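K.L.:
Dropping a structure here in structure tokens format, bear with me for questions.
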Amino acid sequence: MTSKTYSQPERWLAPVASGPLDATVELPGSKSLNNRELVLSALAKEPTLLTGTLTSRDSSLMIDALRSLGTQIDVNTDGSVLVTPKPFDRSATIDCGLAGTVMRFVPPVSVLVDGAVKFDGDEGARRRPMHTTINSLRALGVAVSDEGAAALPFTVHGTGKVAGGEITIDASASSQFVSGLLLAAARYENGLTLRHEGEHLPSMPHIEMTLDCLQKRGVKVSSPEPAVWRVEPGEISGGTVAIEPDLSNAGPFLAAAMVAGGKVFIQGWPESTTQVGDEFDGILQQMGAKITRQDGGLEISGTGAIHGLDIDLSIGGELTPVIAALAAIADSPTLIRGVAHLRGHETDRLAALAAEINRVGGIARETADGLEIDPSNNLHGALWRTYEDHRMATAGAIIGLRVPGIEIEDITTTSKTMPNFASMWMSMLGAQA
């Protein structure tokens, strides 16, 4: 089974900013928090009402996946989602689409099913690394058939229970391998002690987010030493959980104020958060922005001047496309380091960013673990390919604010986490979608 595309490809001429901005943006809920909370709600001892939820392809795929296992999920007219746990009492086929959270969070849950659960997704999903998830389930004593591919499609043959215990994995390719196991571990008979051994561990804030979500639901978790986590067996509470706005998706709108000048206010920016998008605050100030937090949100202002920087983004590789787009129009060189794992995302993001920046007259080179981007006076309009990757589409839109004629190959890729991106972008610019 191969997933159908969420919508038909749609080319989109990125609008050029005609002057400084003065806009307020209300962001949808965080995809990372939304899908973690959906999983925990399905595993909980009682119903959970999720507010501030995200409606997107990734969130819909997660809801469909959990429903397939038996969970009752009701989407209310106000957008909130009521999740009522039910026994995982059936075999199922799960469509992962291109959602890393579905393909890496749901298999550790599916081991609690007494039956076979098949996972597949879009053609691009079959290229994403899945060996760590498959190997970890086998280490837990669960049979997985994958025809030796260590990738989608594969089938988990659960027995309805898992002993748990202690396993060691290599999560160098994605922190999602760690989070997926930790989210389900409280339902394993002996909990789980999980140890990472590998070259590096990317996106630690996403693991901290997972631990925070677990703790807030009464799960006892600890990290007795670096790269080791312990989840005790026990119940997961329900109740009401509010989803924060998606701070990673704030990136393009924050960047817009720097490119066009003027100011953009992001509503509801949390005072404290585990979201890696919070790092935009300090990073964009290094690149020339002025940022203040006020009135329950965050305001960024820019003059149109953008400066390059040397930065290690291993803390949050998903920030890379925004930083790379700004670097393409900056007045000094940029070096982005620590993001080799981006080669295994929706696409090889390092190769894609270098190719598209160069396609529009920029100067970008791949390095072993990142990108080098130099200033260019030859930026010009061209087709900006999107590679089925939502963050590639929004990166092109950022450059298009300054460079006329940037045509985004498929703006519908933004449906993965922000289906209304195009209309939000036009609204920010004071135009009609």
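The values are calculated or read from the model by the stated rules, or taken from the named source; none is laboratory data. Since the structure is predicted, the reported quantities are computational estimates derived from the model, not experimental observations. So basically every Cβ, Gly included, is an ideal-geometry build from the backbone, and we count neighbours across all protein chains shown. Just the protein is used for accessible areas: all its heavy atoms, side chains included, with ligands, DNA and RNA removed. Shrake-Rupley method; radii C 1.70, N 1.55, O 1.52, S 1.80 Å.
K.L.:
Label the chain by shape, choosing from rounded, prolate and oblate, from the square roots a ≥ b ≥ c of the eigenvalues of the Cα gyration tensor; if a/c is under 1.5 it is rounded, and otherwise prolate applies when a/b is larger than b/c, oblate when it is not.
P.N.:
Working: a/c = 1.79, a/b = 1.65, b/c = 1.09.
Judged from the Cα gyration tensor, the chain comes out prolate (a/c at least 1.5, a/b above b/c).
K.L.:
Kindly write out, for the range 219-236 in residue order, the coupling ³J(HN,Hα) from the Karplus curve 6.51 cos²θ - 1.76 cosθ + 1.60 (θ = phi - 60°), rounded to whole Hz, with x marking Gly and Pro.
P.N.:
Karplus values, whole Hz, x for Gly and Pro: 7, 7, 10, 8, 10, x, 7, x, 6, 9, 10, 10, 10, 7, x, x, 7, 10.
K.L.:
Label the range 329-429 by shape, choosing from rounded, prolate and oblate, from the square roots a ≥ b ≥ c of the eigenvalues of the Cα gyration tensor; if a/c is under 1.5 it is rounded, and otherwise prolate applies when a/b is larger than b/c, oblate when it is not. Each step should come with its number before you reach the end.
P.N.:
Numbers: a/c = 1.94, a/b = 1.20, b/c = 1.62.
Note, shape of the range 329-429 comes out oblate.
K.L.:
Taking trypsin sites (Lys or Arg not before Pro) as candidate sites, keep only those in a DSSP loop with at most 16 other Cβ atoms within 10 Å, then name the longest stretch of the chain containing none of them.
P.N.:
Details: sites that count: LYS4, ARG11, LYS45, ARG90, LYS161, LYS220.
The answer is 221-433.
K.L.:
At a Förster distance of 25 Å, what's the computed FRET efficiency of ALA242 paired with GLN286, Cβ-Cβ distance as r, to 0.05?
P.N.:
Details: r = 31 Å, r/R0 = 1.24.
With a Förster radius of 25 Å, E is 0.20.
K.L.:
Here's another thing I want to ask about it. When DSSP beta bridges are limited to those with both residues in the chain, what percentage is antiparallel, rounded to the nearest 5? List each step's numbers first, then the result.
P.N.:
Working: 42 of 66 bridges.
Here the share of antiparallel DSSP bridges comes out near 65 percent.
K.L.:
Now for a separate question. For a Förster distance of 41 Å, can you work out the FRET efficiency between the beta-carbons of ALA382 and HIS200, rounded to the nearest 0.05? Let's see the in-between values first.
P.N.:
Values: r = 35 Å, r/R0 = 0.85.
Between ALA382 and HIS200 the formula returns 0.75.
K.L.:
Ok, one more. Size of the dipole of the chain about the Cα centre, Lys and Arg at +1 and Asp and Glu at -1 on the beta carbon, nothing else charged, in debye to 20?
P.N.:
Details: 34 positive and 51 negative charges, 114 e Å.
Here the chain has a charge dipole of around 540 debye.
K.L.:
Determine the alpha carbon to alpha carbon distance for each of LYS86/LYS161; LYS45/LYS220; LYS45/LYS86; LYS118/LYS161; LYS220/LYS416; LYS161/LYS216 and list only those over 21 Å.
P.N.:
Details: LYS86/LYS161 15 Å; LYS45/LYS220 15 Å; LYS45/LYS86 9 Å; LYS118/LYS161 18 Å; LYS220/LYS416 32 Å; LYS161/LYS216 24 Å.
In this structure, LYS220/LYS416; LYS161/LYS216 lie more than 21 Å apart at Cα.
K.L.:
Among ALA354, PRO224, LEU254, whose Cα projects farthest towards the positive end of the dipole of the chain, with charges put on the beta-carbon of Lys, Arg (+1) and Asp, Glu (-1)?
P.N.:
Of the options given, the answer is PRO224.
K.L.:
What percent does the relative contact order of the range 14-122 come to when contacts are Cα pairs within less than 8 Å and at least six residues apart?
P.N.:
So the answer I get is 25 percent.
K.L.:
Return the whole-Å distance between the Cα centroid of the range 152-211 and the Cα centroid of the range 71-128.
P.N.:
The distance from the Cα centre of the range 152-211 to that of the range 71-128 comes to 16 Å.
K.L.:
Among the DSSP beta bridges whose two residues both lie in the range 116-239, what percent are antiparallel, rounded to the nearest 5?
P.N.:
Details: 14 of 19 bridges.
Bridges in the range 116-239 are about 75 percent antiparallel.
K.L.:
Can you give the % of DSSP beta bridges in the range 336-433 that are antiparallel, to the nearest 5?
P.N.:
60 percent
K.L.:
Now a separate question. Over the range 225-298, with every protein chain in place, what whole percent of the accessible area is carbon and sulfur at 1.4 Å, could you tell me?
P.N.:
On the way: 1170 of 2690 Å².
Reported share for carbon and sulfur atoms: 43 percent.
K.L.:
Sticking with this structure for a sec: Note the full-extension length gain between GLU26 and ASN76 as 0.36 nm times their separation in residues minus their Cα-Cα distance, in nm to one decimal. Intermediate values should be presented prior to the final figure.
P.N.:
On the way: separation 50, 0.36 × 50 = 18.00 nm, distance 2.02 nm.
Additional length available on full extension: 16.0 nm.
K.L.:
Explain nothing, just compute: Karplus ³J(HN,Hα) = 6.51 cos²θ - 1.76 cosθ + 1.60, θ = phi - 60°, for every residue of the range 196-210 in order, whole Hz, x for Gly and Pro.
P.N.:
For the range 196-210, the Karplus curve yields 9, 10, x, 4, 7, 10, x, 6, 4, x, 5, 5, 4, 4, 4 Hz.
K.L.:
Tell me the angle of helix 57-69 to the major Cα principal axis of the chain, expressed in degrees between 0 and 90 and rounded to the nearest ten.
P.N.:
10 degrees
K.L.:
Okay, next question. Ignoring ligands, DNA and RNA, what percent of the 1.4 Å accessible area of the range 324-433 is carbon and sulfur? Please report the intermediate quantities before stating the final value.
P.N.:
Working: 1760 of 3660 Å².
Carbon with sulfur: 48 percent of the solvent-accessible area.
K.L.:
Could you give the nm distance between label points at THR84 and ALA149, where each point is 7 Å from its Cα heading toward the beta carbon?
P.N.:
Taking the two extended label points, one gets 3.7 nm.
K.L.:
Here is a further query. Tell me the relative contact order for the range 201-259 as a rounded percent, counting alpha carbon contacts under 8 Å between residues six or more apart.
P.N.:
Values: 31 pairs, mean separation 12.4, N = 59.
RCO, the range 201-259: 21 percent.
K.L.:
I need the phi-derived Karplus couplings for the range 170-180: 6.51 cos²θ - 1.76 cosθ + 1.60, θ = phi - 60°, integer Hz, Gly and Pro marked x.
P.N.:
10, 9, 4, 7, 5, 5, 4, 5, 5, 4, x
K.L.:
Test of the criteria: in the range 365-396, which GluC sites (Glu not before Pro) are in a DSSP loop and have at most 12 other Cβ atoms within 10 angstrom of their Cβ? Show your work: numbers first, answer last.
P.N.:
Working: sites: GLU366, GLU372, GLU388; in loops: GLU388.
In loop regions of the range 365-396 (DSSP not H, G, I, E or B), there are no sparsely surrounded GluC sites (Glu not before Pro).
K.L.:
Taking only Cα atoms, what is the 0 to 90° angle, nearest 10, from helix 251-260's long axis to the longest principal axis of the chain?
P.N.:
0 degrees
K.L.:
Also: Would you grab the residues whose amide H sits under 5 Å from the one on GLN72? Only those 5+ places off in sequence or on another chain, please, with H modelled 1.01 Å from N.
P.N.:
THR84, LYS86
K.L.:
Same structure, new question: Over the Cα atoms of the range 11-89, each weighted equally, I'd like the Debye log10 I(q)/I(0) at q = 0.22, 0.26 Å⁻¹, rounded to two decimals.
P.N.:
-0.97, -1.26
K.L.:
What is the range 92-248 by shape, rounded, prolate or oblate, if you read a ≥ b ≥ c off the alpha carbon gyration tensor as root eigenvalues and call it rounded for a/c under 1.5, prolate for a/b larger than b/c, and oblate otherwise?
P.N.:
Working: a/c = 1.34, a/b = 1.24, b/c = 1.08.
Rounded, since a/c falls under 1.5.
K.L.:
Based on the Cβ-Cβ distance from THR159 to GLU225, what FRET efficiency comes out when R0 is 45 Å, to the nearest 0.05?
P.N.:
Values: r = 32 Å, r/R0 = 0.70.
For R0 = 45 Å, the calculated efficiency reads 0.90.
K.L.:
Averaged per residue, what accessible area in Å² does the range 261-302 show with a 1.4 Å probe, protein chains only?
P.N.:
Counting only protein heavy atoms, the per-residue value for the range 261-302 is 42 Å².
K.L.:
Label-point separation (nm) for ASN420 and VAL16, each offset 7 Å from Cα along Cα-to-Cβ?
P.N.:
Once both label points are built, they end up 2.9 nm from each other.
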